[in-house]
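Everything on this sheet refers to the single structure shown next.
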Amino acid sequence: EAKRSGRQQYRFYSPEMNGRARSRLMLEESLRNAIEQKDFHLVYQPQIHLETGRLRGFEALLRWEHRVAGTVAPNVFIPLLEETRLINRLGDWVLREGARQCNAWVPAFGEDLVISLNVSPVQFGMPQLVDDLRRVLGDFRLRPEQLEVEVTESALMQDLELTREQLRQLRALGVRIAIDDFGTGYSSLAYLRHFELDTLKIDRLFIANMLESRRDAAVVSTIIDLSRHLGLEVIAEGVETMAQRDWLLEHGCAFMQGFLVAPGLPVAKAEAFPRVVDWRALHEGIDSPSPSTAP
Ligand code: C2E
Ligand code: MG
Ligand code: MG
Ligand code: MG
């Protein structure tokens, strides 16, 4: 910690500090301010049962409302929050805010609604994650199954013993555990044997290409089959077209999320989201979907 701030001070006063380092420092400074001033909020992306159109729940996605730059996407600021470890503070806020919203939505959506919360590998490496979750479950009187923790494969690959212990404790707590962006990490199928999980989320890059690429189609259908054999739920991410939706349904995928149905929605719009999606109406509304270009 001392070493870190020492280095930052050095960089701050260094005359040869380049523009990039300076703008990084400014970004870091504005992130600190943003946390203090609560310039963050969550948007909620619906997760839908493919066959019935039933709403499973929402994934909470973090947004930064910058006073000058406008809405900033997490891919820009999460890495910096992780480097500076500020993600631990903000991550705890995400758990709390997601749990608060889940509780507030019980009258509208019932107790089966699942709120999925992204947890950074940095947070996942901290033993307090389990305590933080236990506390918010208690504070907002939620059944643990109402919350799902999304971790990426890279988070699981860090330190096998710690990971195993974290997952064991999360499991004991009863929250759901999802592997995010499944298939993109250093996919080791071995951990599927060792770890108790609930859900696999198929990375959207595979979904984006599966109708054109036989390889991607093979990866997607393999993950669907794998999840069935292991008794896990499976969610396809980034579904943008009706053709992708139909393919996934044919191949036995249970759940989807993606722009075909909705992006991350502000609270008021999420609240108004139908409990059951009418696929036919959706189909007629979007008869020539234009898939966004892959990043
Ligand atoms: P993710 O958890 O895999 O979230 C899915 C991302 O895909 C979201 O981007 C979502 O807006 C986007 N997406 C959903 N459907 C579609 C689609 O049909 N097409 C396309 N092109 N994109 C789609 P977002 O919100 O920018 O988040 C990016 C990543 O930032 C997330 O990926 C997650 O890893 C991270 N993130 C978001 N919120 C949090 C958070 O609260 N905590 C942490 N630690 N990470 C977060
Ligand atoms: Mg996620
Ligand atoms: Mg993902
Ligand atoms: Mg991702």
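Data for the structure
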quantity: In the range 181-243, chymotrypsin sites (Phe, Trp or Tyr not before Pro) in a DSSP loop with at most 14 other beta-carbon atoms within 10 Å; calculated: 186
quantity: For the range 204-257, fraction of C-alpha pairs farther apart than 15 Å, in %; calculated: 37 percent
quantity: Value at 222 nm in deg cm²/dmol, rounded to 500, when DSSP H runs of n ≥ 4 in the chain each add -39,500 (n - 2.57); calculated: -14500 deg cm²/dmol
quantity: Dimensionless Rg/Rh of the range 163-259 - Kirkwood Rh, Rg from C-alpha atoms; calculated: 0.99
quantity: Angle between the chain longest axis and helix 214-230 axis [Cα atoms, degrees, rounded to 10]; calculated: 90 degrees
quantity: Value of Rg to Rh for the range 58-111 (Rh from inverse mean 1/r over Cα pairs, i.e. Kirkwood); calculated: 1.07
quantity: Of all accessible heavy-atom area on the range 192-265, the percent that carbon and sulfur account for (1.4 Å); calculated: 50 percent
quantity: Residues of the range 55-119: accessible area per residue with a 1.4 Å probe, Å²; calculated: 42 Å²
quantity: Selected from 23, 227, 213 as most flexible by GNM, with the chain as the system and alpha-carbon contacts under 10 Å; calculated: 23
quantity: Inter-site label distance for residue 139 and residue 275 at 7 Å from Cα along Cβ, in nm; calculated: 3.0 nm
quantity: Rel. contact order, % - alpha carbon contacts under 8 angstrom, at least six apart, the range 58-139; calculated: 36 percent
quantity: Inter-label distance, nm, simple model (7 Å from Cα along the C-beta direction), residue 24/residue 215; calculated: 3.2 nm
quantity: Accessible heavy-atom area order of 242, 26, highest first, probe of 1.4 Å; calculated: 26, 242
quantity: Overall dimensions of the chain as given by Cα atoms, namely Rg and Dmax in Å; calculated: 20.0, 63
quantity: C-alpha long axis of helix 128-139 to longest principal axis of the chain, angle in °; calculated: 60 degrees
quantity: Computed lengthening from residue 173 to residue 249, 0.36 nm per intervening residue step minus Cα-Cα distance; calculated: 24.1 nm
quantity: Using alpha-carbon coordinates, inclination of helix 160-173 to the longest axis of the chain, degrees; calculated: 60 degrees
quantity: The range 26-121 shape via C-alpha gyration tensor axes, a/c threshold 1.5; calculated: prolate
quantity: Top of 169, 37, 45 by mean-square fluctuation, Gaussian network on the chain, Cα under 10 Å; calculated: 37
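The values are calculated or read from the model by the stated rules, or taken from the named source; none is laboratory data. Just so we're clear, the structure is a prediction, and the values are computed from it rather than from any experiment. When we count neighbours, we look across all protein chains shown, and the Cβ atoms used for this are built from the backbone with ideal geometry, even at glycine. Surface areas here come from the heavy atoms of the whole protein model, side chains and all, with no ligands, DNA or RNA. Shrake-Rupley method; radii C 1.70, N 1.55, O 1.52, S 1.80 Å.
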